[in-house]
6 protein chains.
Amino acid sequence: MTNTTDKGRALSETLNPGMEAALEARYGHLVPGMAEGIVDFAYGRQYAREGLPLRDRYLGTIAALTALGGQTKPQLKVNIAGGRKAGLTQQEIAEMIWQMALYGGFPAAINGLNAALEVFEEETE
Amino acid sequence: MTNTTDKGRALSETLNPGMEAALEARYGHLVPGMAEGIVDFAYGRQYAREGLPLRDRYLGTIAALTALGGQTKPQLKVNIAGGRKAGLTQQEIAEMIWQMALYGGFPAAINGLNAALEVFEEETE
Amino acid sequence: MTNTTDKGRALSETLNPGMEAALEARYGHLVPGMAEGIVDFAYGRQYAREGLPLRDRYLGTIAALTALGGQTKPQLKVNIAGGRKAGLTQQEIAEMIWQMALYGGFPAAINGLNAALEVFEEETE
Amino acid sequence: MTNTTDKGRALSETLNPGMEAALEARYGHLVPGMAEGIVDFAYGRQYAREGLPLRDRYLGTIAALTALGGQTKPQLKVNIAGGRKAGLTQQEIAEMIWQMALYGGFPAAINGLNAALEVFEEETE
Amino acid sequence: MTNTTDKGRALSETLNPGMEAALEARYGHLVPGMAEGIVDFAYGRQYAREGLPLRDRYLGTIAALTALGGQTKPQLKVNIAGGRKAGLTQQEIAEMIWQMALYGGFPAAINGLNAALEVFEEETE
Amino acid sequence: MTNTTDKGRALSETLNPGMEAALEARYGHLVPGMAEGIVDFAYGRQYAREGLPLRDRYLGTIAALTALGGQTKPQLKVNIAGGRKAGLTQQEIAEMIWQMALYGGFPAAINGLNAALEVFEEETE
């Protein structure tokens with residue numbers, strides 16, 4: 001039986017190749033093992049779980065990060081890009097973000113749309 | 001062509017029968033027209049929109065309200081119940097909420113699961 | 001020249017009679033001097049300041065606490081009551097709160113209106 | 001009788017000329033009708049409402065966006081500029097922002113003052 | 001070599017005996033494995049780590065939960081109680097909470113002190 | 001007996017030489033006395049207090065500002081630098097920040113680590 005660290009590593013290398021190594025290189029001297037913790041918990045014990053498809057997981061994360069506001073813009077962009085790879089259309093992503101005007105306020109939603117525009121622009125380059 | 005207020009009213013009466021009248025009765029003396037504004041914007045110009053199915057809209061709202069924290073617990077419960085009617089399983093809802101441990105923190109996710117448990121319990125009554 | 005502690009004490013005794021003594025009685029054994037700190041900074045160095053009338057100060061606080069969400073509900077109610085004494089009408093307060101749907105989201109604004117209703121109800125008792 | 005979309009359009013063209021067209025041009029291909037939704041709800045059903053003057057509305061928004069923190073800095077600046085046109089003095093705006101040290105914390109208030117300084121500087125150019 | 005799940009289980013059984021079983025009983029039917037995930041990540045990969053003593057970890061969590069606001073009050077109380085067992089004095093906890101007036105605002109700090117008072121009261125029972 | 005303004009001034013000149021004068025120069029024309037208010041409340045009535053050592057105060061602030069999210073990045077950096085001078089090791093700071101993944105979410109913790117890396121880099125220059 002594959003444990004959560006192995007499952008997580010398999011998924012993170014598919015979704016974000018090289019991420020674990022990059023995290024370890026950047027933070028490992030300060031917080032040893034942090035990269036493996038992300039791979040195990042965020043991927044193995046969350047994104048790789050049964051019960052909710054990857055596409056839905058990205059949709060919810062995009063909604064939450066939009067509502068939480070622009071300080072997580074880098075992570076929002078990563079999740080928008082990931083959501084696109086998981087099958088979300090640009091329209092679905094934009095609709096989800098704009099809906100967050102109801103819960104995070106209009107500025108948060110507009111700032112989220114701006115993040116999406118940046119990601120979508122990189123798709124055409 | 002149906003305008004957004006009509007579209008919104010039709011949807012809100014399906015999802016939350018009597019909501020507009022209840023809002024008007026409760027707040028209308030202080031904020032005239034607020035009920036219609038909710039029906040038009042939140043329903044007509046958001047939840048009734050094409051481009052993202054209702055089931056997905058509820059999933060994103062459940063994620064966002066969980067991550068934002070427990071002060072919106074009443075509204076989170078309403079959206080969990082709405083999500084159930086729109087076709088989300090209890091497992092899908094719980095998975096989405098637990099995933100928010102990554103973005104709103106572990107307490108927010110656990111408090112969200114507690115809200116879900118309350119809604120699911122009412123289903124069996 | 002009256003210093004900020006004296007100015008603050010004069011204002012707090014007018015707005016919230018007995019508050020400093022109550023704070024000192026409740027928290028003083030744990031956090032000595034905290035009550036005087038509130039009187040000096042929050043009242044003497046904020047609410048008693050020239051440059052913005054008390055009525056406007058309450059309006060802004062009501063807006064901010066609404067947008068921040070329901071975890072500060074007790075303090076929101078205190079400021080709504082204070083705003084009423086400073087000359088704000090019920091309608092002005094409700095309009096300000098509802099406007100926060102744009103910045104703190106619809107649930108935060110509705111929860112704020114519920115806090116206002118509780119305060120206004122106590123006015124008639 | 002003018003409906004809220006017309007009222008909102010009239011006000012937004014006065015306060016932010018060309019805003020609706022700019023929003024439509026930027027986001028309309030992703031979120032059709034979003035620009036009109038902002039004009040109707042944010043302007044027609046909020047800022048154009050009776051019951052609270054425009055000057056007070058800006059004051060509350062400035063307070064709320066300051067307390068919510070710097071991720072809405074672009075929108076805070078727009079509202080500071082709008083508040084100036086609606087009759088708020090620089091001092092009133094600064095006092096309101098500094099008061100938010102009590103509710104959003106000292107960093108949020110200082111970051112808000114920095115946004116105000118940027119707006120005021122543009123006034124002299 | 002003890003893995004993080006074992007380390008985490010050992011620590012959580014010391015700090016919060018029976019917690020994993022209670023979590024599994026309460027949520028396991030909805031989110032299988034969630035309890036083990038908390039034990040592994042929150043305890044094994046955070047609280048059990050070298051580099052920062054347990055007493056300091058509780059101090060930081062108490063500060064953060066206070067600043068984040070009252071929606072995490074249950075968890076704040078658990079961490080205050082945990083901090084007391086880890087060696088923090090009531091005064092140190094209260095001072096840390098009151099300092100959060102600077103970052104989460106005065107209402108958040110006062111609500112945090114109220115949570116502390118509840119915990120300290122239970123100590124004398 | 002030294003009052004809180006004198007105590008605060010002594011401490012702030014030690015921790016952040018010239019800060020009061022810089023604040024007064026930058027904001028004093030808009031918000032007269034604000035600089036002294038910071039010196040009195042934030043330093044004299046918080047950081048200079050007995051009951052919790054300076055090193056612990058910085059640890060809690062670093063935790064809180066991380067959990068609150070990246071909009072207070074400038075202030076987080078100042079407090080990380082201050083914490084280093086007060087005796088915190090780079091490892092202790094990084095561990096505290098990473099622990100906030102549990103309360104402010106993973107993006108907030110990673111963004112906090114990035115702020116720490118910037119401060120630590122300046123140490124070697």
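General remarks:
- Residue in the range F:64-72 that is at pLDDT below 95, within 24 Å of F:Glu24 (Cβ to Cβ) and not basic (Lys, Arg) present: yes
- Residue within the range C:101-118 that is within 15 Å of the chain's Cα centre (by Cα) and either farther than 20 Å from B:Leu23 by Cβ or β-branched (Val, Ile, Thr) (or both) present: no
- Every listed requirement among (1) on the phi > 0 side of the Ramachandran plot; (2) more than 9 Å from chain E (Cβ to nearest Cβ) is met by B:Gly105 save one, (2).
- Residues within the range C:21-50 that are touching a Leu at 6+ places or on another chain (Cβ under 9 Å) and within 23 Å of D:Tyr58 (Cβ to Cβ), tallied: 2
- Residue that is closer than 23 Å to E:Pro107 by Cβ, touching a residue at least 12 places away in the same chain (Cβ under 8 Å) and of a type in the set (Gly, Ala, Ser), where the choices are D:Ala116, D:Ala94, D:Ala101, D:Ala86: D:Ala94
- Total residues in the range F:85-125, condition within 11 Å of A:Leu30 (Cβ to Cβ) and part of a loop (DSSP other than H, G, I, E, B): 1
- Set side by side, the residues C:Leu68, C:Leu52, C:Leu102, C:Leu59 differ, and just one is over 25 Å from F:Met34 (Cα atoms) and aliphatic (A, V, I, L, M), which is C:Leu102.
- B:Ala42 vs. criteria within 30 Å of E:Lys73 (Cα to Cα) and either within 12 Å of chain A (Cβ to nearest Cβ) or modelled with pLDDT under 95 (or both): no
- Conditions (1) within 15 Å of the chain's Cα centre (by Cα); (2) under 26 Å from A:His29 (Cβ atoms); number of the one not met by F:Val39: (2)
- Matching residues, the range B:67-96, being under 23 Å from A:Asn79 (Cα atoms) and within 8 Å of chain E (Cβ to nearest Cβ): B:Gly69, B:Gln91, B:Ala94, B:Glu95
- Just one residue in the set C:Ala48, C:Ala35, C:Ala10, C:Ala22 is more than 10 Å from chain D (Cβ to nearest Cβ) and either touching a Lys or Arg at 6+ places or on another chain (Cβ under 6 Å) or in contact (Cβ under 8 Å) with a residue 60 or more places away in the chain (or both); that residue is C:Ala48.
The values are calculated or read from the model by the stated rules, or taken from the named source; none is laboratory data. Here the structure is a predicted model, which means the values were calculated and not measured. We place every Cβ from the backbone using ideal geometry, glycine too, and count neighbours over all the protein chains shown.
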